[in-house]
1. Would you kindly calculate the translational diffusion coefficient of segment 298-364, applying Stokes-Einstein with the Kirkwood radius from alpha carbon pairs, for 37 °C and a viscosity of 0.692 mPa s, and quote it in µm² s⁻¹ without decimals?
2. Give or take rounding to whole Å, what are the principal axis extents of the alpha carbon atoms in segment 65-164, in descending order?
3. What Kirkwood hydrodynamic radius do you get for segment 231-296 when you take the inverse of the mean 1/r over all pairs of distinct Cα atoms, in Å?
4. Enumerate the calculated ³J(HN,Hα) couplings along segment 54-70 in order (Karplus 6.51 cos²θ - 1.76 cosθ + 1.60, θ = phi - 60°), each rounded to whole Hz, writing x wherever the residue is Gly or Pro.
5. Going from the alpha-carbon gyration tensor of segment 189-289, what semi-axes, largest first and in whole Å, does one get by taking the root of 5 times each eigenvalue?
6. Within the accessible area of segment 201-332, what % is carbon and sulfur when the probe is 1.4 Å and the other protein chains stay in place?
7. Which of rounded, prolate or oblate describes segment 264-312 when judged by the alpha-carbon gyration tensor and an a/c cut-off of 1.5?
8. What does the C-alpha gyration tensor say about the overall shape of segment 54-95? Classify as rounded when a/c is under 1.5, otherwise prolate if a/b is larger than b/c, or oblate.
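The values are calculated or read from the model by the stated rules, or taken from the named source; none is laboratory data. These numbers come from a predicted model, not from an experiment. In case anyone asks, the SASA skips ligands and DNA or RNA and just uses the protein heavy atoms, side chains included. Shrake-Rupley method; radii C 1.70, N 1.55, O 1.52, S 1.80 Å.
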Amino acid sequence: MSRSSSSDPLRPGDHIDAPEAAPAAPGGPRLGVAGWLRFLWRQLTSMRTAIVLLLLLAVGAIPGSLVPQRSSDPNGVIQVRADNPDLVWLYDALSLHDVYSSPWFSAIYILLFTSLVGCVIPRLVHHWRAMRAQPPRTPARLSRLVGFQTVPGDASDLDRAERVLRRLGYRTARYGESVSAERGYLRETGNLLFHIAMLAIIVVVGLGSGFGYNGQRLLVEGRGFANALSSYDTFSSGQWFDDAALAPFALQLDELDVVYETENPNAIGAPLDFTAHVAVTEGGEERQAQIKVNEPLSVAGADLYLISNGYAPRISVRDAEGDLVYDEYTPFLAQDDLMTSLGVIKVADGLDEQLGLRGFFYPTAFQQETGALASGYPDLVNPVLSLQAFTGDLGLDAGIPRSVYALETDAMTPIAGGEADVEALTMVPGETVEIPGGLGTITFEDVRRYGVIEVHVDHTQAPVFWIAMLILASLLGSLLIPRRRMWVKAADGRLEVAGLARGEDPTLERAVDDLAKRLAEDAAGGSGGSGGSGGSGGGSAAAERGAGDAAAGGSGGSGGSGGGSATAERGARDAAAGGPGGLSDDGSDPARS
């Protein structure tokens with residue numbers, strides 16, 4: 001009934017002359033602070049958000065693989081910044097040299113952890129309650145479900161049906177004249193274990209990496225170092241790292257053996273194997289060991305890797321009076337596969353002027369048509385050293401860190417090679433040349449190999465391995481274990497069987513058919529009476545028993561109710577044996593019916 005108008009009580013409110021109602025306020029009801037917080041929490045803890053954050057984490061890790069990181073490649077960071085001065089502001093603004101400790105990567109990491117926690121905890125509670133609950137009640141009409149079929153039996157056979165279902169791994173419950181069964185909770189258990197394992201990896205990596213460290217040391221053959229902070233060329237550690245965690249050991253590189261291809265004409269000079277022969281001193285005892293590229297050496301809980309190698313020419317510099325002012329093995333960095341190497345030598349003291357040398361080392365030198373030198377093979381066959389010399393300020397007193405592999409020549413004067421009037425200083429091992437300007441002499445003493453040893457301690461390796469195995473097992477379980485329900489119901493003098501799947505289950509109909517066959521076989525095996533008389537539902541077992549009775553001369557067993565073809569076959573056998581019987585309950589010959 002319509003509401004009456006306020007101006008005229010006898011006129012309904014929806015009359016054509018009634019005043020128009022004021023429009024409702026747009027925008028709907030206000031959520032308020034609590035409502036907005038609840039909404040944001042539900043969005044954050046949704047599975048869709050967790051998947052998006054996981055993808056963002058994977059995408060965010062890409063710059064950490066493409067851009068050199070300070071923690072693993074500090075020299076690469078210096079080189080990239082020197083080669084791209086216009087992009088330095090971008091590297092710093094986005095923390096591209098410290099991706100994994102950057103604020104934006106940490107934010108994705110924390111949000112993903114929070115999202116997974118918000119997803120898993122409610123599902124754990126729901127799954128726990130579902131596992132403790134009884135299977136659902138039997139539907140009224142099983143004929144509408146998957147695989148519906150009937151087998152002989154009645155309400156007295158439900159106990160037998162319940163035993164069969166339990167043998168198949170179902171949880172069962174009785175509801176009147178029916179059995180309800182359910183199985184497959186391990187599917188959801190596997191799903192939850194998968195998410196819990198993902199959480200565990202985040203926690204283990206986030207916390208465990210805070211106690212680890214990673215250090216690199218370049219070793220020339222015959223040199224060694226002790227496991228101390230001051231011994232490393234580069235060192236990075238987690239935020240909870242303690243110097244006392246450094247295990248006391250020492251390592252010496254005795255020899256670096258490199259094997260090159262010499263037989264295949266299409267791959268001459270290709271490296272085949274790298275082996276660092278080292279002496280390890282631990283606990284006061286020394287032992288010999290090897291480090292290969294893909295075979296790290298474990299010492300005192302630390303993994304030692306051979307990550308690169310090269311040549312280190314020994315160069316000595318003497319002043320004009322012949323006094324030795326410099327004598328070191330200087331590592332040269334390889335520039336190509338044939339080990340053409342570039343290095344820098346800085347002589348800050350001992351000469352009248354500071355001297356900077358930029359040199360190229362050729363393990364197997366040959367002269368090209370242009371007159372320039374090149375290396376034709378990576379091993380030491382014809383080693384040659386070519387040096388450019390500069391005098392002036394090396395910039396070592398400016399208080400600015402300088403790379404030992406780079407020479408700033410803006411404030412220096414070339415005296416040999418390059419733009420200088422004198423050609424580059426070219427030497428072979430054992431040769432000495434004069435420094436232009438009468439500053440002294442340079443001698444190429446000899447050359448040795450060097451290897452870069454990385455000492456890596458990661459407390460997360462073993463836990464992450466086992467968590468990964470758990471992830472694999474739980475993922476297989478969540479994908480392969482079917483979640484299904486079965487019902488057996490007594491109705492109209494028979495047993496109705498049907499099933500229902502939770503999700504995709506292409507084997508459900510076959511499972512229902514298997515259950516029906518088991519029930520039918522149990523019914524056949526438990527039927528039949530004494531003296532060869534067929535029991536209710538007389539199947540093949542009753543037929544064989546009746547035939548045996550007839551052959552023994554006993555009285556033929558008359559077919560019980562529902563005898564079917566088995567009873568007919570038994571009657572024919574009885575007749576052939578001369579025994580009486582072979583008739584069904586109504587007196588007809590079942591073999592003819």
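1. 231
2. 88, 26, 24
3. Result for segment 231-296, one decimal place: 15.0 Å.
4. Ordered by residue, 3J(HN,Hα) equals 5, 5, 5, 5, 5, 5, x, 7, 4, x, x, 8, 8, 9, x, 9, 4 Hz.
5. Computed over segment 189-289, the values are 36, 26, 13 Å.
6. 47
7. Because a/c hits 1.5 or more and a/b exceeds b/c, segment 264-312 counts as prolate.
8. The shape class here is oblate.
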